[in-house]
1. Just to check I understand the Karplus step: with θ = phi - 60° and J = 6.51 cos²θ - 1.76 cosθ + 1.60, what whole-Hz values come out for segment 52-58, glycine and proline as x?
2. Work out from phi, with θ = phi - 60° and the Karplus expression 6.51 cos²θ - 1.76 cosθ + 1.60, the ³J(HN,Hα) of each residue of segment 210-222, listed in order in whole Hz, and give x for Gly and Pro.
3. How would Leu52, Leu145 line up from fewest to most surrounding beta-carbon atoms within 10 angstrom?
4. Listing Leu90, Leu208 from the residue with the fewest other Cβ atoms within 10 Å to the one with the most, what is the order?
5. Treat the count of other C-beta atoms within 10 Å as a stand-in for reagent exposure and order His102, His157 from fewest to most.
Amino acid sequence: MILLSAVVSQRVVNRGVRPSGGGNPPSLLGAVSRRPDLSFGFRNLLGDVAWLQAVQVSGNPKMIRGDYDRLSDLLETVTRIDPRFVVPYLLGGIVLGDSPHHTTEALQLLAQGERRFPAEWRFPFYTSYIRYFLLEDPVEGGMALLRASRIPGSPPHFPFLASRMLSEGNRPDTALAFLKDMSERETDPRRKTSIEERIRRVEVERDLQSLERAIAEYVSRVGTPPGQLADLVRAGVIDRVPEEPYGGKYLMTKEGGVRSDRAPEGRLKVWRKR
């Protein structure tokens, strides 16, 4: 019987989960997580195997949609086998949240973690990040951050930041405060780099909005658009032209707007007036 159990469990391990690309039948590991009798006493071992594979998949710096599908399956399996293991819920929320096709799965894992670990403020915190930045929903993002702020041990500025998020909506200054806090607390180098890039993009958007408001004020005073941004300083509308975060310059466009000559092209949609 022991030999039979070992053989069956080994076949499960060898087959693993569905390969990259999705669209295949559910994995044997997933089946075992739903049917404990199929593990033949090796349930914990198979849970460890699923977790190790999840860590391996999530460590790929160039994940494609099939990899996210696979990771979602693995994390679902792990949390079903060992629901008191806190890290898979967090990993799912952080990594799956990077895929526009898997935000639902990320939020589901975070919600499960929040229910099972009510003393862990990181679950509603990462939920707030996904809601606010990826789904462009400042209200739900603010509500999630408020939940995090009520948990003992959460950063003391969370209530203020949540109230700003709820009252101001998609404002760059609110986003920067949120992102800089995330960057300070992030330990994963790849994730930290991604957040720091987003900070620069938001800083550019903040500056562009500020300069556009200054141009509008200049026009109301003088009656004509400025020829260059330095005219805003000479007219006393602004103290100085802000420094461009990418090391470039802010320039006037032919249409009377402002652009960066160094930042990636395209405005951040999430900050545009609707």
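1. Each residue of segment 52-58 in turn: 4, 5, 4, 4, 5, 5, 5 Hz.
2. Whole-Hz 3J(HN,Hα) from phi for segment 210-222: 5, 5, 5, 5, 5, 5, 4, 5, 4, 4, 5, 7, 8.
3. Numbers: Leu52 12, Leu145 27.
Least to most surrounded, the residues fall as Leu52, Leu145.
4. Working: Leu90 17, Leu208 21.
In increasing order of surrounding Cβ atoms, one gets Leu90, Leu208.
5. Working: His102 20, His157 12.
Fewest-to-most ranking of His102, His157: His157, His102.
Taken together, the values in this text are just the output of simple stated rules run on the coordinates, not laboratory data. It should be emphasised that the depicted structure is a prediction, and the values quoted were computed from it without experimental measurement. Neighbour counts run over all protein chains shown; Cβ positions are idealised from the backbone, glycine included.
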